[in-house]
1. Hey, got the Cα dimensions of chain B along the principal axes, in Å, largest first?
2. Using alpha carbons only, what's the Rg to Rh ratio of the range C:67-107 with Rh from Kirkwood?
3. Would you mind telling me the antiparallel percentage of the DSSP bridges in chain B, rounded to 5?
4. Per-residue Cβ counts within 10 Å, from other chains only, averaged over C:119-132: what number is that?
5. How many Å² of accessible surface get buried when A and C come together, counting both sides, probe radius 1.4 Å, rounded to the nearest 100?
6. Given a 1.4 Å probe, how much area per residue of the range B:12-170 is accessible, in Å²?
7. Which GluC sites (Glu not before Pro) does the range A:1-92 hold that lie in a coil by DSSP with at most 13 other beta carbons within 10 Å?
8. Below 8 Å, C-alpha to C-alpha, sequence gap of six or more: please give me the relative contact order for the range A:1-151 in percent.
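The values are calculated or read from the model by the stated rules, or taken from the named source; none is laboratory data. As the structure is a prediction and not an experimental result, all values here were calculated from the model. Heads up, the Cβs are rebuilt from the backbone with ideal geometry, glycines too, and the neighbour counts pull from every protein chain shown. Quick note on the areas: whole protein, heavy atoms, side chains included, nothing else; ligands and nucleic acids left out. Shrake-Rupley method; radii C 1.70, N 1.55, O 1.52, S 1.80 Å.
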Amino acid sequence: MESDIEKYVHYVTVMTEGLYYCLVITAVSFVCSVLFGTLFAVLRHYGNRLSRLLIGGYVEVFRAMPPLTIFFILYFGLAHAGLHFSPLSAAITGLSMIGAAYCCEIIRSGLVALKKGDREAALAAGLTPNQALRFIILPQALRTSLPSLGTYLIGLIKDTSIASAIAAPEILFRARNLASESFETTAIYLVVALVYLVITIPIAVGVGYLEKKAGR
Amino acid sequence: MTRDVLKVENLQKSYGDLCVLVGVSTTVQAGECVSIIGPSGSGKTTFLRCLNYLEKPTAGHIHLEDMLIGERLVGDRYIPLTEKQLAPQRLQMGFVFQNFCLWPHLTVLENVALSPFRAMKLSKSESLAIARNALERVHIAHKADEYPDRLSGGQQQRVGIARALAQRPKVILFDEPTSALDPELVGEVLEVIGELAADGLSMVLVTHEITFARDVATKVIFMDGGRIVEEGAPRQVIMAPTQERTIKFLSKFHAN
Amino acid sequence: MWSENALVAFFSVYSEYMDRWLPALASASGTALTITIGSFAVACVLGLVVAGLRLSHSKLLSRLAVIYIELFRSIPTLVLLFMLYYGIAPLGIVFDPIPAAILALGMAGSAHMAEILRAGVQAIPKGQREAALTVGLTPLQSFRLIVFPQALRISLPPSINMLIVLLKDSSLASLISAPEIMQSAKQIMSRDYMPLHILLVAGLIYLVLGLLLSLLANLVERRFAANRSGR
């Protein structure tokens with residue numbers, strides 16, 4: 001019979017592991033989402049009709065599908081077709097694919113908000129279109145997109161909890177295992193809620209600060 | 001003897017450390033058209049908005065005929081009124097906004113009939129009749145069923161005036177009624193205000209239109225720095241000012 | 001893998017199984033829509049109350065509303081769902097899956113709804129409120145006749161977007177065994193296997209339902225356009 005202290009140390013260890021994986025999933029997915037999102041946004045904003053159509057289609061599909069469905073397709077569905085994902089990689093891939101769709105739209109509205117003059121001034125100063133994009137347009141678009149990207153980040157952290165359904169080793173998955181071992185469900189779920197609160201509220205505060213700075 | 005419609009005693013207004021009204025006292029008699037002129041920041045709009053307690057004065061008292069506005073006297077102490085208690089008082093003073101402030105989800109007729117129907121609690125038919133009359137008086141009855149966003153600025157402002165008339169107020173307050181209008185639309189609004197003045201409606205007008213003040217007003221007040229600098233008949237204040245600040249303010253007007 | 005034969009084999013699975021899958025998926029979609037619309041109703045009612053508290057003059061009530069909103073916007077919907085279904089069961093309060101889903105999703109949605117309504121009310125220019133006071137309306141009348149009707153109209157498009165989010169969230173109810181689309185898909189997967197096929201169909205259903213709701217959103221937005229003419 002474990003003592004109370006051993007029990008709580010066990011809980012804290014397990015939850016901390018869960019938190020670690022949650023942050024790993026979030027960080028990798030966020031970076032991938034922003035990178036691909038920027039790429040898609042540029043292709044959609046400056047590209048030809050076909051690219052706009054394809055990326056538009058991608059965005060619509062991945063914004064309409066529930067994350068749970070995407071996780072299941074990657075983890076169960078593709079396994080049948082021979083492509084095996086681990087729970088962790090399925091979670092990261094799924095969240096990145098969904099995230100790319102959201103970030104594409106966020107950054108695209110940042111691009112749209114830029115005045116035409118910014119690009120023309122860059123070209124007039126002798127920069128190639130590529131350089132204008134890299135040094136003038138994208139940095140500005142990204143800066144105005146920061147608050148919305150912050151809001152997306154919060155949504156991403158919350159969505160990692162859904163990956164518990166495919167056994168990704170994050171917080172909720174660990175919590176469910178603990179709950180079934182120990183039957184102290186009430187306390188455990190309260191702690192889970194607290195953990196998410198603690199991680200997301202600083203970001204929410206940051207977003208609020210950014211929005212105020214942008215004068216919204 | 002003509003009675004006082006409005007009596008203002010030592011009105012003061014400060015926002016924290018910023019003193020906007022230093023101590024303003026004046027009267028408006030029945031049938032008078034009082035025009036307040038002055039440079040930006042002189043406090044004239046704040047003064048007007050204090051009259052119907054849209055801004056709460058920090059000191060001073062206002063009487064509308066015999067009624068104390070915004071406060072009640074309990075023994076020898078003045079207790080401020082709640083917003084709900086202010087409503088029937090405000091009903092007796094019309095207010096016309098610089099930016100018209102019509103309600104976009106209601107038609108012109110509904111905008112004007114709202115006060116009789118909801119505030120004065122008259123019947124629907126009576127309210128609509130009053131509204132139509134008011135719209136006729138400002139020559140815009142033909143637009144009764146339109147929505148405000150389909151009207152020009154001058155037309156919207158005339159609706160704003162009709163809305164104030166529908167309250168059957170004892171006095172109408174105008175806050176720079178033509179400042180937000182394109183120049184070619186100013187005339188139609190000033191014409192309507194002039195007609196109302198000729199009909200004997202008591203009014204207080206904050207305006208930049210010095211010509212109008214000279215030709216239509218029965219009394220002109222020049223304000224600067226939160227106080228009344230000069231007060232009197234137009235032919236005196238505008239045409240023959242005695243105070244240095246008044247002369248300076250009007251110099252550009254006289255140069256034209 | 002992408003040979004013509006493989007593709008034909010892939011799609012022939014559907015002709016074999018679809019008539020078995022369709023009835024199950026149809027009723028599952030009905031449940032999903034029930035959860036979606038039910039939680040939307042809860043979110044609207046609760047959201048209205050919380051928005052009212054948020055905008056009240058009482059600092060205490062306003063702060064309580066802010067705490068509620070931050071709480072329900074920070075905690076993942078799935079965690080809320082589990083708390084409601086598993087977490088409070090030891091305390092004696094037991095919910096069936098569908099009511100639990102409607103309540104949990106509704107509470108999460110109410111926080112967003114409160115912010116949508118707040119933005120709608122604060123979008124009304126101050127001058128219109130002042131004009132209402134100057135014509136002798138009380139502050140309550142001003143809110144009821146001038147502010148609220150317009151705020152409602154402004155809030156309509158973001159509210160319909162929230163409906164689509166709730167549709168996606170309804171998939172989470174499968175994790176507490178509610179008989180909706182993903183649950184049906186899991187049952188079919190275990191009985192007939194063919195996971196990729198059935199999951200793609202499930203995804204397609206969400207796409208189609210989402211598209212229908214989007215169309216509804218466009219229709220509503222055009223009908224109640226939040227431009228100045230209002231009607």
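1. Sorted from largest, the Cα extents of chain B read 55, 52, 40 Å.
2. Using Cα coordinates only, the ratio equals 0.98.
3. So the antiparallel bridges in chain B amount to around 60 percent.
4. Per-residue shielding by partner chains comes out at 4.
5. Approximately 2900 Å², summed over both chains.
6. Ligands and nucleic acids excluded, the figure is 42 Å² per residue.
7. A:Glu2
8. The normalised contact order for the range A:1-151 reaches 28 percent.
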